[in-house]
Every structure is written in C-alpha cells, then in structure tokens.
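Only one structure is covered here, and it is reproduced in the block below.
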Amino acid sequence: MNLSVWGESVSGGSVGRAPLSHDITTDALVIGGGMAGVLTAYRLKQTGMDCVIAEAQTVGSGITKNTTAKITAQHGLLYAQILERLGSEAAKLYLDAHTQAIGDFRELSQRYPCDFEEKNAYVYSISDRAALEREAAAYHKLGLAARLEETPPLPFPTAGALCMEHQAQFNPLKLLTALAREVTVYERTPVRSIDGRTAVTDGGKITAGHIVLATHYPMINIPGLYFLKLYQHRSYVIALEDAPPLDGMYVDERQDGHSFRTYQNLLLIGGGDHKSGKEGGGFAELRGLAQQYCPLAKERFHWATQDCMTLDGLPYIGRHRAGSPQLYVATGFNKWGMTGSMVAARLLRDLMVGGKSELETLFSPRRSMLSGQLFKNIASSAAGLLSVGGPRCAHMGCKLHLNSAEKTWDCPCHGSRFDEDGRVIDNPAKRGIKR
Ligand code: FES
C-alpha cells in the first residue's frame with residue numbers, strides 16, 4: 001500500500017473535526033490544512049486574530065503526509081544562482097528567512113514532540129565538482145561555513161558533498177496534528193468558490209477579512225496566471241529496514257538524483273523523479289538502487305509525492321494578484337515545503353498584521369515571469385491540449401497519461417491526477433473525470 005511512515009505514525013493525520021454547518025465570520029480564513037495552512041493559522045492565532053482553517057479532506061491528507069520532512073536552508077545549489085541573478089542582499093534574505101524557520105521548528109518541537117533531530121545537510125554531486133565549489137564560494141560570501149566532504153558515506157562514488165551544519169529533520173504529521181488541535185479547523189469542508197471576502201462551502205459561507213490559499217496548487221489559478229508560472233514534479237520514497245546507518249541528510253544536486261535520510265531504524269531513499277504526467281524512474285528505480293547497494297534491507301513503506309515548482313526556484317508567497325488585496329497565496333516551495341511553509345506563515349502574518357514584510361518583494365507572486373521555464377510550461381501545455389484522444393483532464397482539457405506505477409491518470413500540463421475511477425487525487429482539477 002502507498003503509505004508514508006508519517007501517515008502510519010499518526011493514523012493519517014486527521015484531528016477529528018466536524019465539517020462547517022453554518023455561516024460564520026472571521027478575521028482570517030486559511031484554505032488548506034497542510035503544513036503551510038496550519039502554521040499560518042497558528043501564527044495568526046498567536047497575534048490574537050480570529051482564524052479558521054477550511055480543509056477539503058482531513059488535516060495533513062495532502063502533500064504534507066508524503067514529504068521527506070527535511071528542515072533545512074540548504075536547497076540544492078540555490079545560493080550561487082540567487083547571488084548571480086538577484087545579488088547578495090536577496091541571497092542573504094533567503095538564507096536568513098530559512099535559517100529562522102529552522103529555529104522556529106526547533107522552538108515548536110520543544111512544546112510539541114515531533115521527533116525533531118538536529119542533523120547536518122549535504123548536497124552532493126556525482127560528477128560536477130565545479131558546481132559544488134561555486135556553491136561553497138556562495139556560502140563564504142554569505143558568511144556561512146562551507147565544508148566540502150571529499151568522500152561522503154554514500155554507497156556510490158561522488159565528486160564530493162557540501163555540508164550545511166545544524167539543520168534538522170522531524171516527523172511532520174506529529175507536529176501538524178498537534179498544532180491543528182490548537183486552532184479552529186473544519187475538516188471535510190471543500191471551498192467551492194470565493195467571491196470577494198466570502199468563501200462558499202457546502203455547509204455554509206465563511207466571510208473573512210483575509211483569505212489565504214494554502215491548497216498546494218492554488219485553487220484560483222487562472223487569474224494570477226499560476227497555471228503558467230507553476231509546474232508539478234512527482235517523486236518517490238522507499239523506507240528500508242536493516243539498511244546501513246547514515247548520519248545526516250543527503251540530496252543530489254540534480255533534480256532527478258536521489259536523497260537519503262534516516263527516521264528511527266529506517267533509511268529513507270527518495271528519487272525516481274519526473275514531471276507529473278511524464279515517464280520517470282519511479283519506485284522501480286529506487287528498488288533497483290536498494291537492491292544494488294543494500295540487498296539485505298527490507299522495504300517497510302513506500303510513497304510518492306508531488307511538488308509545485310516555480311519559474312525561478314523561489315516560492316510564491318504573498319498577495320495572490322493585483323486588485324484583490326485580501327487574498328494571499330503560499331505555493332511553489334520547489335521541494336522544500338517544510339521551511340518554505342514556516343517562512344510563508346511568518347511572511348503572511350506580517351502582511352496581515354502590519355501590512356508589510358521585508359520578504360514581500362523577494363517572494364512576491366507578482367514578480368517577473370520572464371524565464372526559459374515559462375516557455376517550456378507554455379509548450380508543454382500546448383502539446384497536452386493538442387494531443388488527440390482521451391481521457392481528458394477536468395482542469396483545462398489536456399490529454400491524460402497513465403501512470404502505471406501508481407495506477408493513476410496524470411496530467412502533463414499542470415499536474416492534476418485522478419484515480420482509476422476518475423476521482424481527483426491532486427489539484428488543480430477540482431472535479432473528477434468520467435471513466
Ligand atoms: Fe491543467 Fe490538466 S492540470 S489541464
């Protein structure tokens with residue numbers, strides 16, 4: 001069964017809250033009960049604001065239950081890129097925001113036990129030593145210690161690994177469910193539409209001073225052009241028992257490489273990535289790796305996840321679009337959703353309470369869209385729309401592809417997914433398809 005180790009540890013994550021059954025008014029409505037939504041609601045409540053979460057299914061039932069749960073400011077080889085593209089002030093803001101997020105998780109973990117462990121993070125490369133050295137130089141510029149390990153303890157040869165010290169890992173659903181119990185949550189309450197400051201659900205209307213879209217892929221994605229400025233990536237995880245121990249969290253600098261971390265007695269191997277709706281290595285690739293390097297290990301869990309990727313590698317956090325100042329969004333964490341969610345919670349709280357944040361410009365969803373990735377996204381959508389035959393996606397009508405590893409129908413345009421019976425598994429589609 002496709003079940004993450006986190007899902008098993010807290011029985012799926014629900015906090016047993018009833019759906020909304022009447023009209024309500026609140027200071028802030030957060031749509032989505034994953035890590036970004038719950039942290040935002042928790043932060044808002046701390047300011048004295050009245051805040052509710054409307055979750056379409058149950059708390060933690062979306063992407064959060066399938067993360068590998070690394071809490072780190074080391075996001076691949078991003079700092080060299082930000083320095084080159086946006087300069088040192090932007091790179092320092094990014095680093096400080098995510099370092100602060102680690103501290104925030106550490107503090108919360110002292111009140112809400114969630115298997116938080118301090119670990120070093122490493123980004124390794126199979127063959128590109130120069131890329132690691134460029135990133136190490138970026139660390140130096142930003143005042144970070146940069147240690148290049150020549151022979152990291154991985155089961156294959158590498159060109160080295162760059163260390164970022166004092167990062168962390170945890171069990172995300174343990175923290176998420178504990179925090180969700182502290183805020184007002186309506187589970188099984190999908191928001192059908194939003195009209196100004198009012199969200200419509202099956203059980204009643206929610207009128208709010210501020211509305212946050214924390215639904216992974218924004219539920220409003222045509223105004224705001226999110227369907228052009230996001231694409232989704234699918235990746236896979238297996239959890240192995242009786243594998244050799246590993247200290248630290250390791251990630252390949254390539255988007256389709258592998259990641260390694262431990263949780264209790266398990267070794268978690270991630271990878272097999274591909275753009276959603278396309279072919280990729282999937283579980284078979286990970287099982288092949290396990291067979292090659294730790295043949296005596298036994299697979300205890302396997303699961304897959306889906307990430308929203310942005311045009312420039314930085315998330316979209318802030319006001320959703322021009323002309324709707326009460327509507328906010330947190331999305332596009334580019335596979336770094338734990339620290340990204342914590343940064344989002346702080347930034348959105350500051351915008352709502354004080355009207356501004358020093359991070360507003362850096363993460364603005366309204367920043368320039370001009371990039372090579374934009375044209376790739378457009379080309380991919382055009383190809384999906386023009387492909388003949390079916391079945392067709394309920395979002396904008398692209399031809400769906402069969403994901404044989406997971407027995408689902410996946411959309412190559414914006415990443416919606418449907419089960420064998422046509423029910424929606426992953427948005428942006430809001431309704432199922434006929435099978
Ligand atoms: Fe947009 Fe399928 S997800 S057309």
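The values are calculated or read from the model by the stated rules, or taken from the named source; none is laboratory data. Just so you know, these numbers come straight off a predicted model, no measurement behind them. Every residue, glycine among them, receives a Cβ derived from its backbone with ideal geometry; neighbour counts consider all protein chains shown.
The table below gives the values:
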{"item": "Hits in segment 357-379 - residues which are exposed (fewer than 13 other Cβ atoms within 10 Å of the Cβ) and aliphatic (A, V, I, L, M)", "result": "LEU370, ILE378, ALA379"}
{"item": "Within segment 138-177, considering residues that are among the aromatic types (Phe, Trp, Tyr) and touching a strand residue (DSSP E or B) at 6+ places or on another chain (Cβ under 8 Å), the one farthest from SER9 (Cα to Cα)", "result": "TYR139"}
{"item": "Strands (runs of 3 or more DSSP E) wholly inside segment 326-435 that include at least 3 residues being more than 15 Å from the ligand (Cβ to nearest atom)", "result": "327-331"}
{"item": "Unmet requirement for THR68, which otherwise passes all of (1) of a type outside the set (A, V, I, L, M); (2) more than 20 Å from ALA344 (Cα to Cα); (3) part of a loop (DSSP other than H, G, I, E, B)", "result": "(2)"}
{"item": "GLN291, sole failed condition from (1) touching a residue at least 24 places away in the same chain (Cβ under 8 Å); (2) part of a helix (DSSP H, G or I)", "result": "(1)"}
{"item": "Answer residue from segment 197-224, given it is surrounded by fewer than 15 Cβ atoms within 10 Å (Cβ to Cβ) and at pLDDT below 95 and is nearest to ILE63 (Cα to Cα) among those", "result": "ILE222"}
{"item": "Residue count, segment 149-188 (criterion: within 22 Å of the chain's Cα centre (by Cα), within 13 Å of MET249 (Cα to Cα) and crowded, with 21+ Cβ neighbours inside 10 Å)", "result": "5"}
{"item": "Lone qualifier among ALA131, ALA146 - being at pLDDT below 95, surrounded by 15 or more Cβ atoms within 10 Å (Cβ to Cβ) and more than 22 Å from the chain's Cα centre (by Cα)", "result": "ALA146"}
{"item": "Test for LYS278: is it within 16 Å of the ligand (Cβ to nearest atom) and either closer than 25 Å to SER9 by Cα or of a type in the set (Lys, Arg) (or both)", "result": "yes"}
{"item": "Selection status of THR310, under 30 Å from ALA208 (Cα atoms) and within 16 Å of the ligand (Cβ to nearest atom)", "result": "no"}
{"item": "Residue in segment 16-34 that is closer than 17 Å to ALA208 by Cβ, outside any loop (DSSP other than H, G, I, E, B) and acidic (Asp, Glu) present", "result": "yes"}
{"item": "Segment 118-134, residues that are under 28 Å from PHE105 (Cα atoms) and free of Cβ contacts under 8 Å to residues at least 60 places away in the same chain", "result": "GLU118"}
{"item": "Pairs with Cβ under 6 Å, 6+ apart, first in segment 93-113 and at negative phi, second among the β-branched types (Val, Ile, Thr)", "result": "TYR94/ILE82; ALA97/VAL343; HIS98/THR339; ALA101/THR339; ALA101/VAL343; ILE102/ILE71; PHE105/ILE71"}
{"item": "Residue, nearest to LEU267 (Cα to Cα), within segment 227-243, restricted to residues that are assigned to a strand (DSSP E or B) and under 16 Å from the mean Cα position of the chain (by Cα)", "result": "VAL237"}
{"item": "Neighbours by Cβ (under 9 Å, 6+ apart or cross-chain): first from segment 392-404, farther than 16 Å from ARG431 by Cα; second modelled with pLDDT of 95 or more and near the ligand (Cβ under 7 Å from one of its atoms)", "result": "HIS401/CYS411"}
{"item": "Any hit, segment 38-56, residues being under 15 Å from the mean Cα position of the chain (by Cα) and under 18 Å from PHE363 (Cβ atoms)", "result": "yes"}
{"item": "All positions within segment 385-435 that are under 24 Å from GLU285 (Cβ atoms) and aliphatic (A, V, I, L, M)", "result": "LEU400, LEU402, ALA405, ILE425"}
{"item": "Among (1) within 29 Å of LYS407 (Cα to Cα); (2) modelled with pLDDT of 95 or more - the single one ARG43 does not satisfy", "result": "(1)"}
{"item": "Yes/no for TYR236 being away from the ligand (no atom under 16 Å from the Cβ) and in contact with a Phe, Trp or Tyr (Cβ under 6 Å, 6 or more places away or on another chain)", "result": "yes"}
